[in-house]
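Reading through the structure tokens given below for one structure.
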Ligand SMILES: Nc1ncnc2c1ncn2[C@@H]1O[C@H](COP(=O)(O)OP(=O)(O)OP(=O)(O)O)[C@@H](O)[C@H]1O
Ligand SMILES: [Mg+2]
């Protein structure tokens, strides 16, 4: 009966192609979601490793914004050097921050840093360098120059368009005030905007990054700094370094150990996993539905033949085996078709799928990650195994109603409408 | 099969089959008693709607009677379990349908081998027996043909080969020439007569030629057997109830 079932597979070429297509699509969807899953997990691993090795220092009890009322205490100038000497510290990056009022009651953040430093976003800096959407990033040659890169939202407020980048200037006026910002008696300065970045996150896009020496000359600050980011060589050494930091600069600095960030990334990847799981489930349900209709259609269409088989001695079990074989074979062919499509279109489609299907559910600042997401479309043994088992399970579940109908067909069906 | 030659092959006792349509009851078979001996050809004749097909289906265990007992080849057909019914269909009875009912994507040879496959006959033996049967039936050159590549008469010969593949004691044929021209029909009559030398062939027919070849003619009207055959031709042959050697 297995042989008979297999013989029935190519019986109708048009049907075969349609079914391969209908089953192939959910398989393709399933594989795409799985590869998104893998990519996000990979990304999260990198992110977790990265973020979790960076500690932040601020002046004790202060946000460290140079012009924020009550929060303007800065870290002593020797802190970066002291920190750099600690064992297992691989990188020290100094930030200076000032707030600036825009259309009341909003404000933007001006950040001074070494041009090559990681451009972390205020309060959501975990993702690191935002994506440059026009112009260029800061380079070491920009040190001390009156240049800046600006967030998309800030640029929109200042009416700077991508085509203006490189020519447009932005006036920085430290004397302007805001309920939370005090004015500094400093002259206005025009900065040339060399790039616009996008983080996908509203507040993250309301920042301006300038070379740290330029920042100092605008706001008239000395060698003190707002924040210091300390990168440790490995996660395992973070606790030791934190202890050493306490010992050396604990008297003047609050030390922020990267716990929150880890929790945050874990939450995000859980969101993605849940979404891809639901998508995978949907794909399997789609396959089951396709098999359901295909088998039911075949049972109806071949009622006479089934009746004949029973009349000439086929057992119910035999006929069931025949139809199950056919359903499984069709599902496997559909799966193979899905695999082929995935092999050739997987990468491109998966990106869009991720951006459209999953992106909206993610915290928005994760969106720049899409661009850097590397989605695999390789067909490994595990992919093959997944497709095969899903096809077999979907075929069996999907056929169950048809099989029940099959059992009920009487041999008399062979002589109906004679 | 030691009981075969002693007992009649088919025995019906007070068999009825009724259908319900709407509120109405139709007695397709209304209390039939019938005994048919082993071997020979039995023709069943009667007007349309008289219950000929219903009778065949009951005897062949394709359908169950509303009441009464049906014995075929020592089996009480109306009491068989589903598993026993399958065995019965495999071994004791072979069907020939008016519409041939060949499996369209199997070759002539494979169609004939099918019942043997169900019956657990080894592959080599199935092929041997199927091709020798088809050869006997004049289809030696058509073994690998699909049904759609055969004429109606050829298809029906394949179907008869399929029906006798497991060497059943009873062949049931419901209007086997109903879809054939007279020349092909004639060939089928001869074939049925030939195979009835070794087994019982029960055939429903409207064709007088075929009824004339039968050893016995059973008349049925309104679900009842008729004591008196209505035609002189049938009278001549139809009254014997004992098996007779067919004339060839
Ligand atoms: N499934 C059914 N449901 C209801 N009535 C049925 C069914 N099958 C047969 N009948 C009725 O039973 C009666 C006998 O039918 P049957 O098919 O046995 O007649 P028949 O002698 O073979 O006729 P024909 O020569 O036209 O084939 C008819 O009145 C028919 O309408
Ligand atoms: Mg009939």
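Every number here is computed from the coordinates shown, using simple stated rules; none is lab data. Note that the coordinates shown come from a computational prediction; the quantities given were computed from them, not determined experimentally. Cβ: placed from backbone, ideal geometry, glycine included. Neighbour counts: every protein chain shown.
For the pair residue A:129 and residue B:221, label points projected 7 Å from Cα toward Cβ lie 10.3 nm apart. As a rough footprinting exposure proxy, the listed residues B:205, A:221, A:240 were ranked by other beta carbons within 10 Å of their own, and the order from fewest upward is A:240, A:221, B:205.
A crude spin-label estimate for the pair residue A:116 and residue B:146, with each label 7 Å from Cα along the Cβ direction, gives 7.2 nm. Relative contact order of segment A:53-257: 36 percent, from C-alpha pairs under 8 Å at least 6 residues apart in sequence. Using 1/(1 + (r/R0)^6) with R0 = 56 angstrom and r between the beta carbons of residue B:69 and residue A:389, what's the FRET efficiency to the nearest 0.05? So, using R0 = 56 Å, E works out to roughly 0.60.
Between B:211, B:124, B:14, the GNM of chain B built on Cα springs shorter than 10 angstrom shows B:124 fluctuating the most. Considering only alpha-carbon pairs that sit under 8 angstrom and 6 or more positions apart, the relative contact order computed for chain B is 28 percent.
For the options B:174, B:128, B:33, a Gaussian network treatment of chain B with springs between C-alpha atoms closer than 10 Å singles out B:128 as fluctuating the most. Computed from Cα atoms, the angle from the helix B:82-91 axis to the main principal axis of chain B rounds to 60 degrees. Between B:40, B:31, B:49, the Gaussian network model of chain B with springs among Cα atoms under 10 angstrom shows the greatest mean-square fluctuation at B:49. Angle, helix A:260-301 long axis vs. longest principal axis of chain A, Cα atoms, 0 to 90°, nearest 10? So the inclination is approximately 20 degrees. Quick one: grab the alpha carbon gyration tensor of segment A:187-230, order the square roots of its eigenvalues as a ≥ b ≥ c, and give me rounded if a/c is under 1.5, else prolate or oblate depending on whether a/b is larger than b/c. In terms of gyration-tensor shape, oblate. Given a Förster distance of 51 Å, report the FRET efficiency between residue A:277 and residue A:180 from their Cβ-Cβ distance, rounded to the nearest 0.05. Efficiency, rounded to the nearest 0.05: 0.70. Classify segment A:154-211: rounded, prolate or oblate, from the alpha-carbon gyration tensor (a ≥ b ≥ c, eigenvalue square roots; a/c under 1.5 rounded; otherwise prolate if a/b is larger than b/c)? Because a/c hits 1.5 or more and a/b fails to exceed b/c, segment A:154-211 counts as oblate. Against the main long axis of the alpha-carbon atoms of chain A, helix A:316-353 sits at an angle near 30°. Using a/c under 1.5 as the rounded threshold, could you call chain A rounded, prolate or oblate? The axes a ≥ b ≥ c are square roots of the C-alpha gyration tensor eigenvalues, and prolate needs a/b larger than b/c, oblate otherwise. Note, shape of chain A comes out prolate. Extension gain for residue A:408-residue A:293 works out to 39.7 nm (0.36 nm per residue, less the C-alpha to C-alpha distance).
Under the rule of -39500 (n - 2.57) per DSSP H run of 4 or more residues, summed and divided by the residues of chain A, what mean residue ellipticity at 222 nm is obtained, to the nearest 500 deg cm²/dmol?
Only helices count here, giving -16000 deg cm²/dmol.
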